[in-house]
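**Q** Take this structure, written in structure tokens, and hold onto it; I'll ask about it next.
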Amino acid sequence: MRKKLKAAGYGIMTVISGKHWALTFSCLLTAAHVSAAELRINQIQFVGSHNSYKQAMSWHWATLLRWLDADAAQTLDYEHSSLAAQLDLGMRVLEIDVFYDPRSATFPVGHVQLIDMNSRCSPLRACLEQVRRWSDAHPAHIPIWIMFNAKDQPIARLPEPTPFDAPAFASMDAVLEAIWGDRMIRPEDVAGRQWPDLESSRGKVLFLLDEGGAKQALYDTGQPRPMFMNLTEDDPRAAVMVINDPLAESARIRRLIAAGYMVRTRADADTREARSNDTSRRDAAFASGAQAVSTDYYMPAAHFDSSYVVRLPAVARCNPVSADAPCEVSE
């Protein structure tokens, strides 16, 4: 059963700390001016995780990397709970990095070839099946964003990944369609940034290929495909943007949100904010109106002796930029 919490306006983002971070929120900020039937999915704001699959690096690789490059080792010093546990905690943005194995036609999940490949799920199909099982058990959830990086960058002294090519992307599409084909929000569904209403979008997913350049060109065949692309503003098909720095680009994000785009941004990066307990980037991310705010710290970073955490009072809230009147949401 869905529950509702009535409150005026958008509500203020509060930091959940101490014992309270472990609560699983089941209700959302609401006010009675815009009904649930009228609310569009671009008029809410929610939190998710960055590199959602990631477990801590193995001790031997972490030790070696600290010796070779202490700064790089520091940026990789984070990990996540299982995908289902994150969804239980209210995360509605997930990010999955995939490599391509042409021999098995599978997509291993990991961050850096060989040294940072400990994953909560792999291959890609297993990750998507975990999310699907959770979704089937919680059919009223707000749409889940799942972002992908296609990993094929050579790194000195590490095994060279297989480059993504047209057959690789076709195979990846086939995996998405096989598991989620009946419950996708597709790019062609939102032509002209006409986003569907929230009620009809419950239980669905939105896939985003977070790539540009040659890989985006390979994927952009002109034919309907399941993943949104991070297109430029001058492309009439553009609908979803990835703008990672809400401090440097807050004005741009707010302008795009007001124009009907959906944006993902990051509240923190490379463990810096958690180490210094710096909330300025987090606060800018929420204020920007970016619908999807990703973090590595939806739970406090206890091993940094820091209270830094990124959460909303509930699973989502009315968007401070695109919801131009108080609205009603629930999960």
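**Q** Note down all Cβ pairs under 7 Å where the first residue falls in the range 204-233 and is modelled with pLDDT under 95, the second is among the aliphatic types (A, V, I, L, M) and open to solvent by 30 Å² or more (accessible area, probe 1.4 Å), and they're at least six residues apart or on different chains.
**A** The qualifying pairs do not exist here.
**Q** Just checking, how many residues over the range 110-152 are open to solvent by less than 10 Å² (accessible area, probe 1.4 Å), more than 17 Å from Q86 (Cα to Cα) and among the β-branched types (V, I, T)?
**A** 0
**Q** Say we look at the range 317-326 and pick out the residues that are within 18 Å of G260 (Cβ to Cβ) and not charged (D, E, K, R); which of these is farthest from the chain's Cα centre (by Cα)?
**A** We begin by selecting, within the range 317-326, every residue within 18 Å of G260 (Cβ to Cβ); these are 318-325.
Imposing the further condition that a residue be not charged (D, E, K, R) reduces the set to 318-323, 325.
Values: C318: 18, N319: 17, P320: 19, V321: 19, S322: 19, A323: 21, A325: 26 Å.
Checked the range 317-326; the qualifying residue farthest from the chain's Cα centre (by Cα) is A325.
Condition check ((1) farther than 16 Å from R311 by Cβ; (2) without any contact (Cβ under 8 Å) to a residue 40 or more places away in the chain) across all residues:
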site: L247; (1), (2): yes, yes
site: R252; (1), (2): yes, yes
site: R266; (1), (2): no, no
site: S288; (1), (2): yes, no
site: A292; (1), (2): no, no
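**Q** Going by what's in this entry, would P167 be described as outside any helix (DSSP H, G or I) and exposed (fewer than 15 other Cβ atoms within 10 Å of the Cβ)?
**A** Details: outside any helix (DSSP H, G or I): no; exposed (fewer than 15 other Cβ atoms within 10 Å of the Cβ): yes.
When the stated conditions are applied, P167 does not pass them.
**Q** Would you say R311 is surrounded by 24 or more Cβ atoms within 10 Å (Cβ to Cβ) and of a type outside the set (S, T, Y)? So that I can check it myself, show each step before the final result.
**A** Values: surrounded by 24 or more Cβ atoms within 10 Å (Cβ to Cβ): yes; of a type outside the set (S, T, Y): yes.
For R311, the condition - surrounded by 24 or more Cβ atoms within 10 Å (Cβ to Cβ) and of a type outside the set (S, T, Y) - is met.
**Q** Okay, moving on. Return a yes/no flag: does the range 126-143 have any residue that is outside any loop (DSSP other than H, G, I, E, B), under 30 Å from S276 (Cβ atoms) and among the hydroxyl-bearing types (S, T, Y).
**A** Here is the first cut: in the range 126-143, the ones outside any loop (DSSP other than H, G, I, E, B) are 126-137.
Narrowing the set further to residues that are under 30 Å from S276 (Cβ atoms) leaves none.
Within the range 126-143 (the criterion being outside any loop (DSSP other than H, G, I, E, B), under 30 Å from S276 (Cβ atoms) and among the hydroxyl-bearing types (S, T, Y)), the answer is no, since none of the residues qualifies.
**Q** Within the range 282-299, which residues are open to solvent by 20 Å² or more (accessible area, probe 1.4 Å), farther than 19 Å from L87 by Cβ and not small (G, A, S)?
**A** D283
**Q** Restricting the search to the range 99-122, which residues are in contact with a helix residue (DSSP H, G or I) (Cβ under 9 Å, 6 or more places away or on another chain), under 19 Å from P226 (Cα atoms) and of a type outside the set (G, A, S)?
**A** Once the filter is applied, which keeps residues that are in contact with a helix residue (DSSP H, G or I) (Cβ under 9 Å, 6 or more places away or on another chain), under 19 Å from P226 (Cα atoms) and of a type outside the set (G, A, S), the range 99-122 yields Y100, T106, F107.
**Q** State all residues of the range 65-84 that are out of contact with any helix residue (DSSP H, G or I) (no Cβ under 9 Å at 6 or more places or on another chain) and within 19 Å of I155 (Cα to Cα); if no residue qualifies, say none.
**A** L68, D69, A70, D71
**Q** Which of the residues spanning the range 187-219 are open to solvent by 50 Å² or more (accessible area, probe 1.4 Å), assigned to a loop (DSSP other than H, G, I, E, B) and within 22 Å of P236 (Cβ to Cβ)?
**A** Answer for the range 187-219, where residues must be open to solvent by 50 Å² or more (accessible area, probe 1.4 Å), assigned to a loop (DSSP other than H, G, I, E, B) and within 22 Å of P236 (Cβ to Cβ): just Q194.
**Q** Are any residues in the range 285-301 among the small types (G, A, S) and at pLDDT below 95, and if so, which ones? Walk me through it before giving the result.
**A** First, pick out the residues of the range 285-301 that are among the small types (G, A, S): 285, 287-290, 292, 294, 301.
Of everything in the range 285-301, just one residue is among the small types (G, A, S) and at pLDDT below 95, namely A301.
**Q** Please go through the range 39-73 and pick out each residue that is part of a loop (DSSP other than H, G, I, E, B) and in contact with a strand residue (DSSP E or B) (Cβ under 6 Å, 6 or more places away or on another chain).
**A** First, pick out the residues of the range 39-73 that are part of a loop (DSSP other than H, G, I, E, B): 39, 50-53, 55-58, 69.
Answer for the range 39-73, where residues must be part of a loop (DSSP other than H, G, I, E, B) and in contact with a strand residue (DSSP E or B) (Cβ under 6 Å, 6 or more places away or on another chain): L39, H50, N51, S52, Y53, M57.
**Q** Mind checking which residues of the range 74-116 are charged (D, E, K, R) and in contact with a strand residue (DSSP E or B) (Cβ under 8 Å, 6 or more places away or on another chain)? Quick ask: steps written out before the conclusion?
**A** Taking the range 74-116 and keeping what is charged (D, E, K, R), we get 77, 79, 88, 92, 95, 97, 101, 103, 116.
Residues satisfying the conditions are E79, R92, E95, D97, D116.
The values are calculated or read from the model by the stated rules, or taken from the named source; none is laboratory data. Quick caveat, the model's predicted, so the values are computed rather than measured. As a convention, Cβ positions derive from the backbone with ideal geometry for all residues, glycine included, and neighbour counts pool all protein chains shown. Keep in mind that these areas ignore ligands, DNA and RNA; they rest on the heavy atoms of the full protein, side chains included. Shrake-Rupley method; radii C 1.70, N 1.55, O 1.52, S 1.80 Å.
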